[in-house]
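Asks: Before I ask anything, here is the structure I am working with.
The values are calculated or read from the model by the stated rules, or taken from the named source; none is laboratory data. Keep in mind it's a predicted model, so treat the numbers as computed, not measured. These accessible areas exclude ligands, DNA and RNA; they are computed on the full protein's heavy atoms, side chains included. Shrake-Rupley method; radii C 1.70, N 1.55, O 1.52, S 1.80 Å.
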Amino acid sequence: MDAKSGVQEHIKTIEPKLLEMSHRIHAHPELGYEEEQACAWLSESLHDAGFSVETGICDLPTAFVARAGNGPLHLAICCEYDALPGIGHACGHNVIAAISLGAGMAAARIADDAGLTISVIGTPAEERGDAGGKILLLERGAFEGVHAAMMVHPSPKDSAMPRIIAASMFDVFYTGKESHASAHPELGINAADALTVAQTAIGLLRQHIRSTDR
């Protein structure tokens with residue numbers, strides 16, 4: 001049996017456990033940086049599968065890294081597990097967690113033969129935008145020495161190489177100046193007008209730029 005067939009066979013063996021993990025995380029949604037149960041469940045499963053596991057990495061209590069194999073090619077599999085406020089796992093991070101768990105466990109079976117080092121990296125708080133776990137982990141060195149990182153995200157259709165749009169979040173403040181609206185409106189500055197102009201201009205700009213530039 002070749003390496004690929006061995007991995008596929010192992011996935012079939014552990015499939016019930018992966019489904020159970022997905023359902024368990026879905027039934028117990030936790031917000032970003034509060035994913036104590038999910039982090040513990042995933043870490044324990046990887047430890048039981050023979051991985052060396054370190055939790056609380058990079059000063060993030062609900063982040064972890066689990067490693068197997070000692071090959072020269074270092075592959076990281078990112079594992080998300082936070083939920084949305086007031087909604088739960090609408091983004092399918094419970095599925096991502098289970099898939100990453102299974103991919104890591106299956107790849108570990110052939111890691112040494114294939115010349116791989118496998119790291120399953122628990123990345124908390126994906127829904128936090130600029131304060132997300134991956135950003136902090138990257139800045140604090142969790143991905144040092146990794147040659148490639150990958151993950152799977154649920155979608156209505158299959159796509160091996162989806163186009164991902166980067167996003168950056170920031171606050172904009174508009175400051176006005178008071179004036180009598182009837183007697184001396186020209187002496188005032190209407191902050192709401194500035195906001196309206198900006199919102200309209202951004203909306204008009206979107207139809208004139210390529211989708212790759214959004």
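Asks: Carbon and sulfur atoms: what percent of the 1.4 Å accessible area of region 86-199 do they account for? Mind showing how you got there, number by number?
Replies: Working: 4330 of 7560 Å².
With neighbouring chains kept in place, the figure for region 86-199 is 57 percent.
Asks: Give me the Debye-computed log₁₀ of I(q)/I(0) at q = 0.14, 0.19 Å⁻¹ for region 3-150, equal point scatterers on Cα only, no solvent, two decimals.
Replies: -0.61, -1.11
Asks: Still on this structure, please answer the following. Tell me, what is the per residue accessible area of region 171-213 in Å², probe radius 1.4 Å?
Replies: Details: 3970 Å² over 43 residues.
Per-residue accessible area for region 171-213 comes out at 92 Å².
Asks: So what is the accessible area of region 8-162 per residue, in Å², with the probe set to 1.4 Å?
Replies: Working: 8000 Å² over 155 residues.
Each residue of region 8-162 exposes 52 Å² on average to a 1.4 Å probe.
Asks: Measure off, as a whole percent, the carbon and sulfur share of the 1.4 Å-probe accessible area of region 1-42, all protein chains present.
Replies: On the way: 1520 of 2700 Å².
Carbon with sulfur: 56 percent of the solvent-accessible area.
Asks: For the Cα atoms of the chain, what angle does the longest principal axis make with the long axis of helix 191-206, in degrees from 0 to 90, nearest 10?
Replies: 50 degrees
Asks: Taking only the Cα atoms of region 171-213, how large is their convex hull per residue, in Å³?
Replies: Values: hull volume 3.4 nm³, N = 43.
That works out to 78 Å³ per residue.
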